[in-house]
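> I'd like to ask some things about the structure below.
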Amino acid sequence: MASPERDIAQIEVLLRQLSREYDLYLCGQQRIPPEKTEKELQALVGIYASRPIQNSTLSFRYNSLVARYNALKTVWSRRTREREEGRGGLARVPRPPAGDKPTAPPAHSRRPGEYLASEPQHEQRHLTQFYETYRKLREQAGESVGKLTPEAFQKALADRIAQIKREQRCPAVLVRVVSENGKTRIVAKPFRRGAHKEGAEP
């Protein structure tokens, strides 16, 4: 007989696993989407879709997990579509000709591991690319990525960018992934045309 408590715990495990597998797939380290894990998750979720859970604590936990899964599924679908259309990679943006200064700093990944941020809340694609680069470099360095999630990472980075812009009164912030002595970290500094001031890590 099915145990709601055991099944909900398994849903949580599968959701974490699915998130990791999608990260690998979307950054090109896994060739096919994680269909097997997703089918297992959907099967467990479906058991309680039409069967009420009497325990209110378990019911709340189940509904929270399902809501999180649905939100992630929307993100995964969009990013998979972008990947298939060739828009999900870390593209190089041509440098403007010498002497041709832009009127405002462009918000893009100038190269993998570097991100010139102006309004992160409107630059989801670039935040996602930067996260994927950061995660990949941590994995290559042998550092743990088990607790690293796109949502928490992107929120922390956006908050740090907003803080630097506010304190330094600059239009944009240049953030870079730096690997030194087996440690991966992010360095952020204010961006001003014609002048650069050192910033701090987020």
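What follows is calculated from the coordinates using simple rules that are stated; it is not laboratory data. Source: prediction; values computed, not measured.
> Given the pairs Lys73/Lys183; Lys147/Lys183; Lys39/Lys136, which span a C-alpha to C-alpha distance of over 24 angstrom in this model?
On the way: Lys73/Lys183 32 Å; Lys147/Lys183 16 Å; Lys39/Lys136 26 Å.
Correct reply: Lys73/Lys183; Lys39/Lys136.
> Run the numbers for Val187 and Gln10: contour at 0.36 nm per residue of separation, minus the present Cα-Cα distance, in nm. Don't jump to the answer; show the numbers that get you there.
Numbers: separation 177, 0.36 × 177 = 63.72 nm, distance 3.76 nm.
Contour length minus the Cα-Cα distance gives 60.0 nm.
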